[in-house]
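Worksheet: one structure, shown below.
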Amino acid sequence: MEEKYNEYEQIRREKLAKLRELGADPFGQRFDNTESLSVIKSRYNPENEEQTVRGAGRIVLHRDIGKLIFITLRDWTGNLQIGLSKQWLGDQWEVAKLLDLGDIVGMEGKLGRTKTGEITVWVTSFKLLCKATLPPPEKWHGLQDVELRYRQRYVDLFTNPEVMATFRDRSAIVQSIREFLTRRGFQEVETPMMQSIAGGAAAKPFITHHNTLDMDLYLRIAPELYLKRLLVGGMEKVFEVNRNFRNEGISTRHNPEFTMCEVYQAYADYRVMMDLMEELVCTLVQQRSQDMKLEFNGKTIEYRQPWARKTYAELFAEHVGCPMEQIGEVRQKARQLGIGEATKDDSVVVNEVFESCVEEKLIHPTFVLDYPAILCPLTKRKTGNPAIAERFELFVSGMEIANAYTELNDPEIQEQNFRVQLRGQEETEAVMDSDFVTALKYGMPPAGGLGFGIDRLVMLLTNSASIRDVILFPLMRPGSHV
RNA sequence: GGGGGUGUAGCUCAGUCGGUAGAGCAGCGGCCUUUUAAGCCGUUGGUCGUGGGUUCGAGUCCCACCGCCCUCACCA
């Protein structure tokens, strides 16, 4: 198939041939014994300007002033200026003159400074490691087009250092979470991503098909029911960090695939998980803020402990203005809010009013506890009050960050809750996970369970307004641009 | 799915009342051995998202469609 090259590509492809004539491989080989550019920079010592250093990176700025070329190299630790002089390079000078923005080079030289004080590697030899045949975006503004940034994240990463920083942060956060839990004796496990029954949450699943078994499978919407099977099996403290898939709307807070951390601890309850969550997040905040305050969406969030802990009913009365039990008033409020309440159950109306009146008010970390039991089919009821479930959600900046409960371990109630849930669901999803009920019949210790979305937590910790800014390759429709 | 916004050179962006398509960066040619978004001189580059329509004439007005962003709805 004949390919069409634009002006830039054509010119750079011509340079490939020139480079080969000069004996330079435009798509070079391994380049060993390098140090990162920021380390090289930090090694500068005015007492010793003869240190030999070796590094590699991409050309992000290029100033050719004739017989001397200044280049700013970038690797994922930072930028470093190098100077290439005709006087020092001999045969390689011809190659140096063919270097372009975007090329990747390895170099060796003496670490010194220019007369204006810029730390600079005076290059004694270099190797072209990869010729870029497409030009990078504009050097000052970088890549701004949001669509292109998501579709061509590889360009976004090397042109916009703050994007690289966000994803390095994300990686560090996930690592810290693993360390935090592992240090407390939790064991990381992996449970099925492909499930024959999509359980553990109420979301629309993605469907896929196994050819040999000739059966449909669901990409999981939650790992919960498998992790609790492990509690039955005798694993006492487990967690899993992995993807969930939900076939629902996309927004600044929702991506169809997202990363979830779920944690289960035998012999605990939701209050234990509340303490665990508070400590975990504070540990993460502490690693990036001296005063336990972080900016998010233009607001300063105060993470200093202790965090607010309020019941669902308290918050309802406080922000809606009437007790949740007074269903007549609640329904009136719902109508004011434009919620079509007529055909809905009381509990659903109450919850919708709660979601639209209360959640957005919870800016600083707030645990909302003791939800109406009807909303919580997998949760143990409060002792002495079967209408209330031992469940909490954590809100920060109006965003649901975590969801946790004392796990229901009574197989009879569980089966009953499943049956209630099945009513009113579509046929494809209406399958009872009877094996899970069987597991409970063998006996699951009382336990606390906790789930939190890694992506949203990373948003908070990195002050990212959209979930797409913390997911390397957010889902996009196939585009025609690229 | 509804509402609002947006799409112009490789990138970042202007484009007035409907009247020959613009700048900066990048590129190409030239000068330059200490530049800092290097500078100076010259210069190439366009299916104005796509398809229709109105008009003597459309980047601009109208209709439809496509992508993206925001928002609402949906969302245990």
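Looking at chain A, what % of its DSSP beta bridges pair antiparallel, to the nearest 5? So the antiparallel bridges amount to about 90 percent of the total. Available extension along the chain between A:Cys322 and A:Lys97 is 73.4 nm, counting 0.36 nm per residue and deducting the alpha carbon span. Looking at the square roots a ≥ b ≥ c of the eigenvalues of the Cα gyration tensor of chain A, which shape do they give, rounded for a/c under 1.5, prolate if a/b is larger than b/c, or oblate? Prolate, since a/c reaches 1.5 and a/b exceeds b/c. Within a straight-line Cα-Cα reach of under 16 Å, A:Lys361 can be paired with the following aspartates and glutamates, leaving aside sequence neighbours fewer than 8 residues apart in one chain: A:Glu302, A:Glu314, A:Glu318, A:Glu352, A:Glu393, A:Glu400. Were the residues from A:Glu355 through A:Met194 laid out at 0.36 nm apart, the gain over their Cα-Cα distance would be 54.8 nm. Of the chymotrypsin sites (Phe, Trp or Tyr not before Pro) found in region A:233-341, the ones in coil according to DSSP and having at most 16 other Cβ atoms within 10 Å of their Cβ are A:Tyr267. Among the listed pairs A:Lys41/A:Lys299; A:Lys18/A:Lys67; A:Lys15/A:Lys67; A:Lys86/A:Lys110, those whose Cα-Cα separation exceeds 25 Å are A:Lys41/A:Lys299.
Here's the list of lysines a cross-link from A:Lys237 could span, going by alpha-carbon distance under 26 Å and ignoring same-chain residues fewer than 8 apart: A:Lys228, A:Lys380, A:Lys382, A:Lys441. Taking all protein chains into account, the per residue accessible area for chain A stands at 52 Å² (1.4 Å probe). Using the Cβ atoms and a cut-off under 10 Å, what net charge is assigned to the surroundings of A:Leu61, where Lys and Arg are +1 and Asp and Glu are -1? That works out to +3. Calculated on the alpha-carbon coordinates, the convex hull of region A:113-255 measures out at 259 cubic angstrom per residue.
Estimated at 0.36 nm per residue, the fully extended path between A:Asn45 and A:Tyr8 surpasses their Cα-Cα distance by 9.2 nm. Peptides A:433-445, A:349-361 ranked from most to least packed, by the mean per-residue count of other Cβ atoms within 10 Å: A:349-361, A:433-445. Treating only the Cα positions of region A:1-54 as identical point scatterers, give the base-10 log of I(q)/I(0) from the Debye formula at each q in 0.18, 0.21 Å⁻¹. Each listed q corresponds, in turn, to -0.79, -0.85. Residues of region A:399-417 falling in the label zone of A:Lys382, defined by backbone nitrogen less than 15 Å from a point 7 Å along Cα to beta-carbon, are A:405-406. Computed over protein heavy atoms with a 1.4 Å probe, the carbon and sulfur contribution to the accessible area of chain A reaches 49%. Computed from the Cβ-Cβ distance with R0 of 25 Å, the FRET efficiency linking A:Glu302 to A:Arg271 stands at 0.65. In this simple spin-label model, placing a label point 7 Å from the Cα along the Cα-to-Cβ direction at both A:Glu147 and A:Leu16 gives a separation of 2.9 nm. For region A:260-349, state which trypsin sites (Lys or Arg not before Pro) are in a DSSP loop and have at most 15 other beta carbons lying within 10 Å of their beta carbon. Passing sites in region A:260-349 are A:Arg288, A:Arg304, A:Lys344.
The values are calculated or read from the model by the stated rules, or taken from the named source; none is laboratory data. Just so it is clear, the structure is predicted and the values come from calculations on it, not from any experiment. With ideal geometry, Cβ positions are generated from the backbone for all residues, glycine too; neighbour counts draw on all protein chains shown. In case anyone asks, the SASA skips ligands and DNA or RNA and just uses the protein heavy atoms, side chains included. Shrake-Rupley method; radii C 1.70, N 1.55, O 1.52, S 1.80 Å.
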